[in-house]
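The values are calculated or read from the model by the stated rules, or taken from the named source; none is laboratory data. Since this is a predicted model, take the numbers as computed values, not measurements. Neighbour counts run over all protein chains shown; Cβ positions are idealised from the backbone, glycine included. Accessible surface areas use protein heavy atoms only, side chains included; no ligands, DNA or RNA. Shrake-Rupley method; radii C 1.70, N 1.55, O 1.52, S 1.80 Å.
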Amino acid sequence: MTSINLPLSVQIAFAGIALMLCIASCLSITLQHRRPECDYSELRQRVRTWWIIVAVFAVAVLINRATSVIVLGLISFLAFKEYLSLIPTRRADHRVLFWAYLAIPVQYYWVWAGWYGLFIIFIPIYVFLWLPMRMILIGETQGFLRAIGTLHWGLMICVFSLSHMAFMLVLPAENNPGGGSMGILIYLIFLTEINDVAQYLWGKSLGKRKIVPKVSPNKTFAGFWGGVLSTAVLAVLLAPWLTPLTRIEALGAGLLIGVAGFVGDVTISALKRDLGVKNSGSLLPGHGGILDRLDSLTYTAPLFFHYVYFLHY
Amino acid sequence: MLRRLFYLLLVKPLVLFLIGLNVRGREHLPNSGPAIVVANHNSHLDTLVLMSLFPQALIPQVHPVAAADYFCRNRWLKAFALNIVGIIPIDRRPSARDGDTLAPLLTALDQGKILILFPEGTRGQPERRGKFKSGVAHLLSKRPDVPITPVFFSGLGKCLPKGEFVLVPFFVDVFIAPAIAWNGRRQGFMEVLEQAFDALQISADKPGCDQG
């Protein structure tokens, strides 16, 4: 597919994202020049990494279905690997972990084939029942429940949830005249990331009362509401370009993404706090690990997918 | 040639993508021989990961030192280990100790090679460091000017522990310390080396490591 076949709205969306990144790059460079005494290297690195994320994302959505599924599958793989590297695992489960990894290509194969029925039950039912059975064949019962619980939670978060992003690309394009096949995915990812940024900015400027002090002491009510409302406004404005949603449906989608993005963020924070690490990894300079960046999407992707799927597909 | 392709096309992609490394202190690795790199040993992957840390142009100079009784136990494995991986085999039987055992290593150092040594002698228990053998001190007492760089791996014993042939991906931490110089005493030197590894291990120990 060449760029000529892309819906105009998608071309504008990518141009808009590139423009925003240009502004961010200029701002971070100017800040460093204005105040050489402060260290903005982390901000600079963060923006630079954003460019790479957007480039990978562009490859993931713009070329063809096979490329999309492979790139998004690899992202699931990296997220799941990061998760398994963080949590304590039992030595006896070596082979079980291998089976868990195998679920990733299989799950993304269902996506590529557009096989909704298996896509939606494979991990929650078949993998869910198979992995404990495989553990029992090994026979180590010490720590069984913790091992199988943590393993399946990781698969649900890193593979099942995130694979909903890929399935958005195989939904019939004719149901979404404005945005084509990639419109709703761009809409979801853009709003989720903007929501993160908006919650941070509102919290920094107005935040006082803490919302979940034990999990994430920097999150405030003002940040939360400011972010959710900003996201909802943007959701309504962008919906006709990228999605089949009506205005009132788009408002619902914006609120859903705003709230779910927050919950995803603090869920991964709780995981990190439990394990005593600051970042989930070091794959994305300036951001931390890949789970640090995907945290909100682990919640928004499946919830937004089923919202749109119920309403329009 | 085959050896360079093996590392470029097979080992580097495997190590960088399938496993994934967090390297700290890469600048401490030697960029020319003669030099010795010592590492803890938990998995066959240790050698491959260490080799992949060196720039492609340096690969022909770098040779892992490995046990002849293990890697030369049949013709195919021997050909692969010698020509593709590029090991220098040594005889680790007690009767062959000292002079003869180390001779091929001394020759390699004199040719300006970089040697990779695993002073534990064997892979041992996954994710547990065994006691170092003093062969490296014997080697240094004969070539006192050669710098020795400690490298500590954490996590490779989870990816491919001894006795397993199924590789399970995990991110792996690699910690590299500045080179240590020979201090003239065998016993004292092994203590210094063990201390360097203890320090690397402390910086590596964090929640999330294998607790199996």
* Would you be able to say whether some residue in region B:164-181 is closer than 30 Å to A:PHE77 by Cα, modelled with pLDDT under 90 and more than 16 Å from the chain's Cα centre (by Cα)? => yes
* Those residues of region A:46-66 which are at pLDDT below 90, open to solvent by 60 Å² or more (accessible area, probe 1.4 Å) and part of a helix (DSSP H, G or I), in sequence order -> A:ARG46, A:VAL59, A:ARG65
* Asked: In the list A:PRO244, A:PRO217, A:PRO240, which residue meets the criterion of being on the phi < 0 side of the Ramachandran plot and out of contact with any helix residue (DSSP H, G or I) (no Cβ under 9 Å at 6 or more places or on another chain)?
  -> A:PRO217
* Is it true that A:SER76 is among the polar types (S, T, N, Q), under 16 Å from A:PHE305 (Cβ atoms) and touching a Cys at 6+ places or on another chain (Cβ under 8 Å)? -> yes
* Answer yes or no: is there a residue in region A:126-138 that is within 14 Å of chain B (Cβ to nearest Cβ) and either of a type in the set (Val, Ile, Thr) or within 24 Å of A:SER296 (Cα to Cα) (or both). => yes
* Structure fact -> Scanning region B:54-92 residue by residue, the ones that are open to solvent by 10 Å² or more (accessible area, probe 1.4 Å) and in a helix (DSSP H, G or I) total 19
* To do: Would you list the helices (runs of 4 or more DSSP H) that sit entirely within region B:99-211 and hold 2 or more residues that are closer than 30 Å to A:TYR101 by Cβ, within 14 Å of chain A (Cβ to nearest Cβ) and free of Cβ contacts under 8 Å to residues at least 24 places away in the same chain?
  => none
* Asked: Only one residue in A:ILE29, A:ILE121 is assigned to a helix (DSSP H, G or I), more than 14 Å from chain B (Cβ to nearest Cβ), open to solvent by 50 Å² or more (accessible area, probe 1.4 Å) and under 14 Å from A:SER163 (Cα atoms). Which one?
  -> A:ILE121
* **Test set (1) open to solvent by 10 Å² or more (accessible area, probe 1.4 Å); (2) farther than 21 Å from A:PRO213 by Cβ - A:ASP274 fails condition number** => (2)
* Structure fact -> Expected single match for modelled with pLDDT of 95 or more, among the hydrophobic types (A, V, I, L, M, F, W, C) and either within 16 Å of B:VAL168 (Cβ to Cβ) or open to solvent by 20 Å² or more (accessible area, probe 1.4 Å) (or both) among A:LEU129, A:LEU191 is A:LEU129
* To do: Kindly indicate whether B:VAL38 is farther than 21 Å from B:GLN111 by Cβ and either assigned to a strand (DSSP E or B) or modelled with pLDDT under 90 (or both).
  => no
* **Members of region B:19-53 found to be within 14 Å of chain A (Cβ to nearest Cβ) and open to solvent by 60 Å² or more (accessible area, probe 1.4 Å), listed by number** => B:ARG24, B:ARG26
* Which residues, taken from region A:71-100, are part of a helix (DSSP H, G or I), charged (D, E, K, R) and at the interface with chain B (Cβ under 7 Å from one of its Cβ atoms)? -> A:LYS81, A:GLU82, A:ARG91, A:ARG95
* To do: Determine, yes or no, whether A:ARG247 is within 14 Å of chain B (Cβ to nearest Cβ), more than 17 Å from A:MET168 (Cα to Cα) and without any contact (Cβ under 8 Å) to a residue 60 or more places away in the chain.
  => no
* Asked: If you check every pair at least six apart or on different chains, which have Cβ atoms under 7 Å apart with a residue in region A:256-277 that is within 11 Å of chain B (Cβ to nearest Cβ) first and a residue that is among the aliphatic types (A, V, I, L, M) and open to solvent by 20 Å² or more (accessible area, probe 1.4 Å) second?
  -> A:ARG273/A:VAL215
* Asked: Can you tell me which residue in region A:144-188 is farthest from A:LEU242 (Cα to Cα), limited to those that are open to solvent by less than 10 Å² (accessible area, probe 1.4 Å) and among the polar types (S, T, N, Q)?
  -> A:SER163
* Some residue of region B:68-88 being within 23 Å of A:LEU283 (Cβ to Cβ) and of a type outside the set (Gly, Ala, Ser) -> no
* Structure fact -> Within region A:288-307, the residues that are within 13 Å of A:LEU78 (Cβ to Cβ) and away from every other protein chain (no Cβ under 14 Å) are A:ARG293, A:LEU294
* Structure fact -> Within region B:116-141, of all residues that are open to solvent by less than 40 Å² (accessible area, probe 1.4 Å) and among the small types (Gly, Ala, Ser), the one farthest from A:ARG91 (Cα to Cα) is B:ALA137
